[in-house]
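Only one structure is covered here, and it is reproduced in the block below.
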Amino acid sequence: MTECKVIPVPIYNNILIEQFFDEIHPKRCPAILRGLDIGSCLGKWTAEYLSKHVGNKPVKIHVSETGRMNFLTKNFQYKTLPFDQVIKRSSENEHQDFFLTNKEVYYLRALGTDSRGREVANLDSHYPELCQDFHVPKFLEPSTIFSSVLRVASEGVQLWTHYDVMDNLLVQVTGKKRAVLYSPEDLPYLYLEGDKSRVIDIDSPDLELFPDFVHVTSHECIMEPGDILFIPALWFHNMTSLEFSVAVNVFWRNLNPEVYDKKDPYGNKDPLPASKALELVESALKHLSILPEEYQRFYKRRMVDMEGVAGKFPVQTKTETIDINGNSTEIVFSKFSDKLFVILTQYGKVGNVVEVRRDVAQKDDSSSAVYSVRVLLGRDDEEIHVAARFLVDFIPAQQSVLFALSLKDYQPKTLRQIGKFLKLHPSLTAFA
């Protein structure tokens with residue numbers, strides 16, 4: 001067992017609808033909501049009931065010899081079974097029919113009907129036999145709900161530690177579940193690979209491999225049937241089914257819908273501004289890799305030490321998608337300290353990054369402003385310089401503006417259209 005600090009997840013009983021968004025949600029910490037109406041599913045969704053009402057529709061599942069599933073090493077197999085067989089096998093401890101061993105475990109994360117997994121999970125659409133039994137918590141605005149995911153697991157199934165980018169409610173319907181959560185502030189100690197932690201055994205981790213894991217603070221609770229766990233976006237969580245378990249996960253868009261990837265049926269891709277920022281970092285590291293190690297270490301420290309990077313994340317981000325001469329153009333605005341970061345892309349990926357600085361002596365007189373352009377990433381040619389100088393004139397006074405430009409053409413017609421949009425929407429570049 002690790003010696004990390006453990007904090008019980010607070011329990012709120014019989015809260016009023018407005019209490020969630022007035023008191024609980026703003027704290028951005030997990031919470032158990034107990035005593036709310038989740039429908040007749042509570043006490044009704046037994047293995048027998050589920051098998052009878054849903055029947056033998058085929059579903060894709062995870063099958064593993066061990067309960068502690070590891071997404072990074074894929075210690076499980078994907079299989080397809082009739083739903084009633086999944087319920088039967090998940091609710092028993094030893095199997096007559098099996099894929100790997102007679103004590104294998106099963107995990108169903110319900111998908112849509114699309115065989116390629118490109119459809120957003122929706123309990124109403126995909127499990128009409130069950131949707132009347134389940135009530136979405138009344139304090140959620142239906143228009144903000146992204147997905148409602150049915151989850152079924154054998155006793156002992158433990159899912160890898162990961163984070164989601166949307167706020168969500170985990171509604172435990174049948175069986176008990178142990179939930180362990182870690183704050184986003186514990187990210188340095190979780191040894192991430194993508195959005196998942198490499199620490200699989202969170203109770204007895206290998207401290208030679210993961211020595212900093214002892215610094216995490218564990219927020220824990222045991223979920224009873226009927227409990228609703230609020231999991232704020234970016235909180236890492238690890239779930240263990242203590243019994244045959246049935247739950248419904250409801251995800252909702254807590255940010256502007258425009259920042260989410262519209263091609264993401266699972267709702268777990270990083271928000272577009274964050275994804276582009278990570279691409280920039282990855283590209284920068286590739287550029288550094290051609291230098292000797294001594295230089296790499298030095299310039300990595302410079303990157304971390306840059307104003308607006310070390311502990312000064314964007315105070316606000318705004319995103320717009322517009323049509324420029326027949327090309328879908330995404331514009332992202334982020335504010336770093338005294339810098340404005342503007343991403344303009346028609347390819348979905350960041351290409352050239354330049355910094356435009358207004359001459360200090362001229363900054364109070366925009367009509368005679370002089371700008372210097374410095375290429376930070378990508379190609380260094382006159383076309384990029386001209387585009388950056390042109391576009392910066394449509395942005396209210398900023399001593400320094402960072403542009404990430406990835407356009408299909410840099411013709412005057414294209415730049416004028418972008419400039420016109422910026423001029424007509426000055427609020428997009430204005431941050432408090």
(request) Pick out which of A277, A233, A121 has the largest mean-square fluctuation in a Gaussian network model of the chain, springs linking Cα atoms closer than 10 Å. (result) A277
(request) Specify the inter-centroid distance of the stretch 18-70 and the stretch 159-197, based on alpha-carbon positions, in whole Å. (result) 15 Å
(request) Take the chain, connect every pair of alpha-carbon atoms lying under 10 Å apart with a spring to form a Gaussian network, then pick out the residue of E330, E23, E141 with the largest mean-square fluctuation. (result) E23
(request) Taking only Cα atoms and a 10 Å spring cutoff, compute GNM fluctuations for the chain and point out the largest among L111, L407, L150. (result) L407
(request) Using the number of other C-beta atoms within 10 angstrom as an exposure proxy, rank R28, R358 with the fewest first. (result) R28, R358
(request) Apply the Karplus parameterisation 6.51 cos²θ - 1.76 cosθ + 1.60, with θ equal to phi minus 60°, to every residue of the stretch 257-274 and state each ³J(HN,Hα) to the nearest whole Hz, in sequence, with x for glycine and proline. (result) x, 5, 7, 8, 6, 6, 9, 9, x, 8, x, 10, 7, 4, x, 3, x, 5
(message) Can you work out the Karplus-derived ³J(HN,Hα) for every residue in the stretch 61-69? Use 6.51 cos²θ - 1.76 cosθ + 1.60 with θ = phi - 60°, whole Hz, and x for glycine or proline.
(response) 9, 9, 10, 9, 6, 10, x, 7, 7
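Here, each number is a calculation from the coordinates, and none is a lab measurement. What you see is a predicted model, and the numbers here were worked out from it, not measured in a lab. So basically every Cβ, Gly included, is an ideal-geometry build from the backbone, and we count neighbours across all protein chains shown.
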